Amino acid sequence: MDLSRLRNVSIIAHIDHGKSTLADRILEICGAVDAREMREQYLDSMDLERERGITIKLQSVRLDYRDHVINLIDTPGHVDFGYEVSRSLAACEGVILLVDASQGIEAQTLANCFLALEHDLEIVAALNKIDLPAADPDLYAGEIERVLGIPADEVLRISAKTGDGVPELLDAVVERIPAPVGDLDAPLQALIFDSHFDQYRGVVSSVRVVNGELATDAKVRFMQAGTVHEANEVGVRRPEPTAVKSLGPGEVGYLIAGIKDVGEARSGETVTSASKPAPSALEGYQEPKPMVFCGLYPVEGDEFSDLRDALEKLRLNDASFTYVPETSGALGFGFRCGFLGLLHMEIVRERLEREFDLSLIATAPSVEYRVIRTGGEVVEIDNPSEMPSPGEMEGIEEPYLKITILTPSTYTGTVMELCQGKRGVMKNLEYLSPERVELQYEIPLAEVVMDFFDQLKSRTQGYASLDYDPIGYQASQLSKVDILLHGDPVDAFSMIVHKDFAYDYGRKMCEKLKELIPRQQFDVPIQAAIGGKIIARQTVKAFRKDVTEKLYGGDITRKNKLLQKQKAGKKRMKSIGRVDIPQEAFISALKLD
Ligand code: GDP
Ligand code: MG
């Protein structure tokens with residue numbers, strides 16, 4: 001392969017700015033798919049992605065354009081998956097920055113561009129959707145010039161929908177993005193930038209060869225893992241997988257090496273030759289760390305082992321979530337799971353329910369706290385029920401983020417109000433143009449994982465965007481609020497809350513549960529407590545009448561039927577002390593509002 005004719009490029013775009021549509025047009029223009037086979041969002045293969053319109057798993061495709069080869073590497077657009085963006089950048093020499101010409105550049109897109117600049121990548125900027133009446137390409141080209149230093153007259157104007165300007169964009173990719181460099185005679189060094197599990201083929205890894213040659217049937221060594229495998233198949237996606245003899249320097253493709261667990265072919269791994277190994281590995285990535293945790297429990301207790309199997313299978317495909325068994329007095333046997341963010345949590349849960357046919361109860365999301373015990377020992381807890389009582393600890397710290405919000409300036413006030421209400425501290429405010437503002441806050445992660453993103457969107461009619469960076473732990477005034485039913489604490493409802501919000505959480509939970517818990521034969525007090533101190537209380541009043549009374553004592557079969565029905569209903573109840581609670585009550589009470 002003549003290196004000078006090769007271009008490796010990723011598309012950076014905010015969600016909904018048209019990346020998938022652009023990829024479809026590019027595939028068509030390069031003749032990669034027959035018009036007959038063309039379906040919308042061709043590269044977004046996972047059903048869930050298609051439905052939610054987000055790209056999660058990286059896909060790369062090799063295309064012929066003029067007398068060049070372009071490897072197009074798709075990237076996910078959601079803030080939870082930011083680390084996947086940096087992976088795909090490591091496989092490229094340049095990026096296409098795609099910005100909706102009626103919206104302007106968004107916070108994460110900007111962050112990803114800075115990442116690309118740090119990697120010394122060439123940026124080809126394009127404003128999309130110029131066919132829309134609301135498009136204002138002049139305004140937003142000016143903005144791109146101001147924030148990124150890319151001259152406004154170099155910003156291309158396209159419509160991914162109509163195809164207008166897309167060939168010119170490909171010309172710019174060929175002309176402006178440099179060809180890769182690499183040494184064919186040097187020992188093999190190839191970077192794995194994604195791995196996924198295929199039911200039939202095992203682990204399929206996306207690779208970028210940096211030096212040397214990755215050949216089918218060669219014995220390869222994974223330098224970090226220290227394992228040796230046979231390269232059963234090396235190939236390229238055109239976009240259908242197509243086996244090749246070998247991949248040379250600068251080339252992007254896939255590797256199948258008889259591996260069963262994605263954890264053994266991690267992103268950032270360097271592949272070298274087993275017989276002639278490279279002296280050093282390539283620079284890898286930091287493994288993403290789970291930031292949000294929740295308990296997942298089967299609604300039916302006997303589905304516990306099904307849930308375990310499902311988690312095991314799902315993890316083969318997504319090494320970024322974690323799970324360990326845990327037991328809850330209220331919910332029985334389940335797992336404590338860790339996720340990259342709230343969307344990631346929702347996606348994993350939805351896949352478990354949908355692909356493995358499970359019904360699940362998820363406890364309220366939590367972050368990882370650092371508790372300093374009396375005597376100085378530091379423990380990390382991600383489950384409120386593990387928190388020591390107030391007398392047994394000296395302090396507690398929680399993770400903080402630096403967040404960047406880009407918003408139309410008319411919403412500045414409401415965004416500031418939201419951030420302050422979530423314990424945020426303003427660090428910077430800057431006008432990108434008279435119409436748009438960039439705000440920076442330091443804010444507890446716990447506040448952001450609850451409903452921050454939804455609130456930000458609704459307060460700004462969807463116009464504000466958010467990017468975040470973890471900045472470590474800070475001491476906070478936090479307490480654990482317990483919920484007691486008839487005097488017994490229900491672990492699933494315990495929550496770690498800032499002291500200013502503790503009373504509110506306790507009161508709301510008591511009110512909610514009062515509506516959800518059916519009457520029993522006796523009064524059931526519902527209490528919220530911090531340590532031994534009750535902070536809120538409600539009561540579910542006892543039944544007054546026997547259910548069968550209204551049947552006039554007459555028809556015995558009808559009476560039996562009713563009792564049967566009650567019994568069946570009982571099976572779906574959990575008993576907390578003497579109180580029976582229907583599953584539905586847990587599900588509804590734990591829903592965020
Ligand atoms: P992604 O989230 O970045 O992959 O965005 P999509 O490609 O899924 O596009 C989001 C929405 O914008 C879809 O409804 C597309 O049909 C629409 N869209 C994409 N490009 C254009 C364009 O050039 N013009 C118009 N009018 N709509 C577009
Ligand atoms: Mg998409």
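The values are calculated or read from the model by the stated rules, or taken from the named source; none is laboratory data. On a predicted model such as this, the values are computed, not experimentally measured, just so you know. As a convention, Cβ positions derive from the backbone with ideal geometry for all residues, glycine included, and neighbour counts pool all protein chains shown. Quick note on the areas: whole protein, heavy atoms, side chains included, nothing else; ligands and nucleic acids left out. Shrake-Rupley method; radii C 1.70, N 1.55, O 1.52, S 1.80 Å.
Among the strands (runs of 3 or more DSSP E) confined to segment 60-179, the ones with at least 1 residues that are within 12 Å of ligand 1 (Cβ to nearest atom) are located at 94-100, 122-128.
Does Gly182 count as among the small types (Gly, Ala, Ser), away from ligand 2 (no atom under 16 Å from the Cβ), under 23 Å from Asp2 (Cβ atoms) and outside the structural domain of Cys30 (by the TED database)? Answer is yes for this residue. Comparison of Ala319, Ala310, Ala281, Ala362 shows that the only residue that is closer than 30 Å to Leu184 by Cα and either touching a helix residue (DSSP H, G or I) at 6+ places or on another chain (Cβ under 8 Å) or not assigned by the TED database to the domain that holds Ile496 (or both) is Ala281.
Taken as a whole, the structure leaves Thr272 outside the set of residues that are assigned to a strand (DSSP E or B), surrounded by fewer than 17 Cβ atoms within 10 Å (Cβ to Cβ) and among the hydroxyl-bearing types (Ser, Thr, Tyr).
When segment 4-22 is filtered for residues that are open to solvent by less than 40 Å² (accessible area, probe 1.4 Å) and under 21 Å from Leu214 (Cβ atoms), the ones remaining, listed by number, are Leu6, Arg7, Asn8, Val9, Ser10. Just one of the listed residues (Lys289, Lys313) is at pLDDT below 90, open to solvent by 50 Å² or more (accessible area, probe 1.4 Å), assigned to a loop (DSSP other than H, G, I, E, B) and not small (Gly, Ala, Ser), namely Lys289.
Can you tell me which residue within segment 192-214, out of those that are within 11 Å of Thr272 (Cα to Cα) and free of Cβ contacts under 8 Å to residues at least 60 places away in the same chain, is most open to solvent (accessible area, probe 1.4 Å)? If we take residues in segment 192-214 being within 11 Å of Thr272 (Cα to Cα) and free of Cβ contacts under 8 Å to residues at least 60 places away in the same chain, then Glu213 is most open to solvent (accessible area, probe 1.4 Å).
For segment 467-481, the count of residues that are without any contact (Cβ under 8 Å) to a residue 60 or more places away in the chain, in a strand (DSSP E or B) and open to solvent by less than 30 Å² (accessible area, probe 1.4 Å) is nonzero.
So is Lys457 open to solvent by less than 60 Å² (accessible area, probe 1.4 Å), within 24 Å of the chain's Cα centre (by Cα) and among the basic types (Lys, Arg) or not? Criteria met by Lys457. Within segment 238-253, the set of residues being surrounded by fewer than 24 Cβ atoms within 10 Å (Cβ to Cβ) and touching a Ser or Thr at 6+ places or on another chain (Cβ under 8 Å) comprises Ala243, Val244, Lys245, Ser246. If the condition is being in contact (Cβ under 8 Å) with a residue 40 or more places away in the chain, within 23 Å of Glu264 (Cα to Cα) and either outside any helix (DSSP H, G or I) or open to solvent by less than 10 Å² (accessible area, probe 1.4 Å) (or both), then segment 348-371 contributes only Leu352. Only residues that are at positive phi and either within 16 Å of ligand 2 (Cβ to nearest atom) or touching a residue at least 24 places away in the same chain (Cβ under 8 Å) (or both) were counted across segment 110-158, and they come to 1. Going by the structure shown, is Leu110 of a type in the set (A, V, I, L, M) and surrounded by 20 or more Cβ atoms within 10 Å (Cβ to Cβ)? So Leu110 fits the description; yes.
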